[in-house]
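Remarks on the structure that follows.
No value in this document is a laboratory result; all are computed from the given coordinates. Values in this document were obtained by computation on a predicted structure and should not be read as measured data. Here Cβ is always computed from backbone atoms with ideal geometry, including for glycine, and neighbour counts include all displayed protein chains.
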Ligand SMILES: CC(C)(COP(=O)(O)OP(=O)(O)OC[C@H]1O[C@@H](n2cnc3c(N)ncnc32)[C@H](O)[C@@H]1OP(=O)(O)O)[C@@H](O)C(=O)NCCC(=O)NCCS
């Protein structure tokens with residue numbers, strides 16, 4: 001789905017734009033995604049796995065996301081530079097259409113400026129405007145305190161902990177938490 005553009009105010013008083021990404025911006029988006037996977041060990045893919053995607057495949061995926069009623073991708077820009085993204089995907093199957101899976105990433109140099117919170121709040125507000133969704137769901141890796149604090153402060157509650165869900169490239173086994181936010 002396509003979302004109308006919004007201006008948000010960051011903690012430092014600067015303004016940023018939040019909107020759906022355009023197909024013409026695919027190269028910018030591609031380098032944004034490569035960077036956030038380089039900058040955090042708490043994403044599920046390794047940077048090498050992400051770099052295997054092609055720009056062409058990304059363009060096709062974005063076309064599907066923007067035209068699907070089941071996907072909502074928001075991009076936050078400062079000037080022309082993408083600095084954050086947040087995506088919700090609702091279930092395609094009748095029995096799980098009421099559930100949305102939410103994911104988020106912000107460029108490290110912009111952490112702590114309120115971008116993550118604003119993107120999550122916008123997605124939650126958009127989900128509440130739709131008649132179908134009843135809950136948003138996510139998983140986060142043990143140790144990702146910044147993400148965990150953000151999610152808890154927005155009202156997400158832990159519904160489970162999967163032991164040894166993730167094995168980091170250096171061999172460390174980490175648990176993963178599942179969280180749910182009830183929308184209504
Ligand atoms: C998690 C992430 C999205 C947060 O984005 P952000 O723009 O830094 O978030 P905000 O500035 O809005 O801060 C949100 C909350 O994080 C928490 N937080 C901020 N700094 C923190 C720190 N140093 N330690 C622990 N928690 C912290 C606070 O609860 C803060 O809320 P506040 O509004 O009361 O300050 C971002 O750090 C990120 O992209 N990390 C790498 C990718 C990732 O982990 N994605 C999520 C995978 S599940």
Quick one: P(r) of segment 1-54 from all Cα-Cα pairs, 5 Å bins, percents rounded to integers, in order of increasing distance.
-> 4, 16, 18, 16, 21, 17, 7, 1
Using the Cα atoms as the points, what is the convex hull volume per residue of segment 128-184 in Å³?
-> 90
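Looking at the square roots a ≥ b ≥ c of the eigenvalues of the Cα gyration tensor of the chain, which shape do they give, rounded for a/c under 1.5, prolate if a/b is larger than b/c, or oblate?
Values: a/c = 1.24, a/b = 1.06, b/c = 1.17.
It comes out rounded by the Cα gyration axes.
As an exercise, use a Förster radius of 25 Å and the Cβ-Cβ distance of residue 89 and residue 149 to find the FRET efficiency, rounded to the nearest 0.05. Write out the running numbers ahead of the final one.
On the way: r = 24 Å, r/R0 = 0.95.
So, using R0 = 25 Å, E works out to roughly 0.60.
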Would you calculate the separation in nanometres between label points at residue 128 and residue 53, each defined as 7 Å from the Cα along the Cα-to-beta-carbon direction?
-> 3.0
Roughly what would the spin-label model give for residue 159 and residue 109, points 7 Å off Cα along C-beta, in nm?
-> 3.8
Counting pairs of alpha carbon atoms under 8 Å apart in space and at least six apart in sequence, what relative contact order in percent does segment 124-184 give?
-> 45
For residue 172 and residue 137, extending 7 Å from Cα along the Cα-Cβ vector and measuring point to point gives, in nm, a value of 2.7
